[in-house]
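*Asks:* Structure below; questions to follow.
The values are calculated or read from the model by the stated rules, or taken from the named source; none is laboratory data. No experiment lies behind these values; they were computed from the predicted model shown. Please note: Cβ atoms are built from the backbone with ideal geometry, for glycine as well, and neighbour counts cover all protein chains shown.
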């Protein structure tokens, strides 16, 4: 994460290549699904579909190999997305603006005005839960309040934060840049 002071606030930049372990595990699962199913399809593709063997092979391919190919391609695409996406968040006293990009192309620019923010809250990041120990990973979300437009969803304002110390530090930075009232106990 890179923090840059901008006029009237801060910019948080979460660059690509942040989660190589998550991307590698998605790619490995995709390859495990894809390779055996492609080999099975190559072995079962009938040379002549007019006999009973050809029809049985087509049924087996459509029932078993094709779904595995679809899973494999989906998880390989997920791995590419995990490696190539970045998040830029600008926090000012007026609003929070976020932009997620993949390969430098903006996908989902969003804005939440100061009066529409109910709270900045931590949320455990599921992909960083480690059963063997280590610091858990979190992301911070801006939860819209009653004055937000109908249908406004939560906005991710920080991600890939390791440990509660980093979460609290970034949360305080965002809240002070927006001039939000401090939470109880701070």
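*Asks:* If you check 31, 63, 95, which single one turns out to be over 30 Å from residue 136 (Cα atoms) and over 20 Å from the mean Cα position of the chain (by Cα)?
*Replies:* It is 63.
*Asks:* Residue 17 is checked against (1) surrounded by fewer than 12 Cβ atoms within 10 Å (Cβ to Cβ); (2) more than 26 Å from the chain's Cα centre (by Cα); (3) touching a residue at least 12 places away in the same chain (Cβ under 8 Å); (4) more than 23 Å from residue 142 (Cβ to Cβ) and fails just one. What number does that condition carry?
*Replies:* (2)
*Asks:* Of the conditions (1) farther than 19 Å from residue 161 by Cβ; (2) in contact with a helix residue (DSSP H, G or I) (Cβ under 7 Å, 6 or more places away or on another chain); (3) surrounded by 15 or more Cβ atoms within 10 Å (Cβ to Cβ), residue 82 clears all except one; give me its number.
*Replies:* (1)
*Asks:* Please verify whether residue 23 is on the phi < 0 side of the Ramachandran plot and surrounded by 14 or more Cβ atoms within 10 Å (Cβ to Cβ), treating the condition exactly as stated.
*Replies:* Yes, satisfied.
*Asks:* How many residues does the range 128-152 hold that are surrounded by fewer than 19 Cβ atoms within 10 Å (Cβ to Cβ) and at pLDDT 90 or above?
*Replies:* Total meeting the criteria: 2.
*Asks:* Quick one: would you say residue 43 is surrounded by fewer than 16 Cβ atoms within 10 Å (Cβ to Cβ) and at pLDDT 90 or above? Write out each step before concluding.
*Replies:* Details: surrounded by fewer than 16 Cβ atoms within 10 Å (Cβ to Cβ): yes; at pLDDT 90 or above: no.
No: the conditions fail for residue 43.
*Asks:* Please verify whether the range 49-56 includes one or more residues that are touching a residue at least 12 places away in the same chain (Cβ under 8 Å) and either over 21 Å from residue 144 (Cβ atoms) or outside any helix (DSSP H, G or I) (or both).
*Replies:* No, there is no match, as no residue in the range 49-56 is touching a residue at least 12 places away in the same chain (Cβ under 8 Å) and either over 21 Å from residue 144 (Cβ atoms) or outside any helix (DSSP H, G or I) (or both).
*Asks:* Still on this structure: Report yes if residue 80 is on the phi < 0 side of the Ramachandran plot and at pLDDT below 85, otherwise no.
*Replies:* Here the answer is no, as residue 80 does not meet what is asked.
*Asks:* Can you name the residue in the range 1-33 that is at pLDDT below 90 and assigned to a helix (DSSP H, G or I) and is also nearest to residue 84 (Cα to Cα) among such residues?
*Replies:* 20
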